[in-house]
Structures are given as C-alpha cells and as structure tokens.
Amino acid sequence: MAATGTKSVLFVCLGNICRSPIAEAVFRKMATDAGVVDKWRIDSAATSNYEIGSPPDHRGQACMKSHDVPMQHVARKVTNDDFMSFEYILGMDESNMSELNRRAKLAKTSPAKLELLGSFDPQKQLIIKDPYYGSDEDFEKVYQQCVRCCKAFLEKNS
Ligand code: 6LJ
C-alpha cells in the first residue's frame, strides 16, 4: 500500500526501451527540480515482451545525455498489480491504449486512470510515435513532447 499523499504514475509504451523510459526520466527530473519527487512513485513499463530486461535504446540514451537528464531503467512488462497500484497509467499511442484498456478489464477493478500522455500537450500533439525504426531526430521529438506533456501533467497534479 502506498504512503498517504503519495501520487503515482506509470508511463507505458510497446517495448519500454524508447518512449516510456524517456517520459519516466523527464518526469522524475521535473519532480526533483520542483522539490516534490518524494511525493511520487514514478515508473515505466511495456505492453509487450519484446525487450524485457533490456536497457533504454542507445539513441534515447544519447538524446537524454545531451539534455542532462539522468535515465536508468530495465525494461519490464505491465503487470495486473500495476492496474491496482498506480493512480495514472499513461500510454503513448492508440495501440498502447487499446492494450492497456484490454489489460485493465482483465485486472477487473482497476482504479487507475488510463490516458494518453499526449492529452496533456499544450501544443495538442496527441500521439507520441514509436521511434524504433526512426532517426535521432525522432528521438529528439519524443523528448520534446515528453517535456511539454510532463510539465503540464505535473502542474495539473500539484
Ligand atoms: C514478435 C514480433 C516483433 C515497431 C520494437 C517496433 C518493433 C519497437 C520493435 C519498440 C520498442 C517478436 C518481437 C513492431 C522495442 C522494440 C522489432 C520487432 C520485435 C513495430 C512496428 C512498427 C514500428 C515499430 N513490431 N522490435 N518483434 N517497435
């Protein structure tokens, strides 16, 4: 059981090596800089088995280094327990959301709020696209979207 006053967010994408560890790291840095990181449980996970146990994609690691955002994660899959214990579960695209909604039904009484991370974007770019077959520029775009969305999400929950 979480300590009283603890907020929680789980960022989710297909493999948990590109988009969701970037979102997790960006959000953790913002919460740290705002002095509220102790009030949060912050994690990320995959909808698939593709990369379980892998570190973040090297292109994402380079992108985060260039922005001085620490990122340390080992890919894991979403569990039934996640649907019981996280207040927010935020996906990156419609495919993530259909998988999350399917899994939430299987977990029966999930109190988690399932939303697109992009729904918080002040620039209204709803979808954060899978950069796996993309370029360094695609990773930079993912990073910038995560910065805008995480900032708005943190403000909404402060
Ligand atoms: C089952 C068949 C697929 C991807 C990814 C794509 C592909 C990924 C990946 C994101 C994170 C055995 C595993 C797809 C990590 C790995 C290669 C295929 C994996 C897909 C479709 C469109 C765009 C990107 N699938 N791994 N194998 N995203």
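Key figures for this structure:
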| quantity | calculated |
| --- | --- |
| Residue tally, condition of a type in the set (D, E, K, R), within 15 Å of residue 21 (Cα to Cα) and assigned to a loop (DSSP other than H, G, I, E, B), over the stretch 63-87 | 2 |
| Some residue of the stretch 115-135 being at pLDDT 95 or above, small (Gly, Ala, Ser) and touching a helix residue (DSSP H, G or I) at 6+ places or on another chain (Cβ under 7 Å) | yes |
| Scan of the stretch 145-158 for residues that are of a type in the set (D, E, K, R) and buried (at least 16 other Cβ atoms within 10 Å of the Cβ), ordered by number | 148, 151 |
| Filtered residue count, the stretch 124-144, keeping only those that are surrounded by 11 or more Cβ atoms within 10 Å (Cβ to Cβ) and assigned to a loop (DSSP other than H, G, I, E, B) | 9 |
| Among (1) within 12 Å of the ligand (Cβ to nearest atom); (2) in a loop (DSSP other than H, G, I, E, B), the one test that residue 60 misses | (2) |
| Residue match in the stretch 75-87 (condition: touching a Gly at 6+ places or on another chain (Cβ under 9 Å) and within 14 Å of the ligand (Cβ to nearest atom)) | yes |
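The values are calculated or read from the model by the stated rules, or taken from the named source; none is laboratory data. Keep in mind it's a predicted model, so treat the numbers as computed, not measured. No Cβ is skipped: glycine too gets one built from the backbone with ideal geometry, and neighbour counts run over all protein chains shown.
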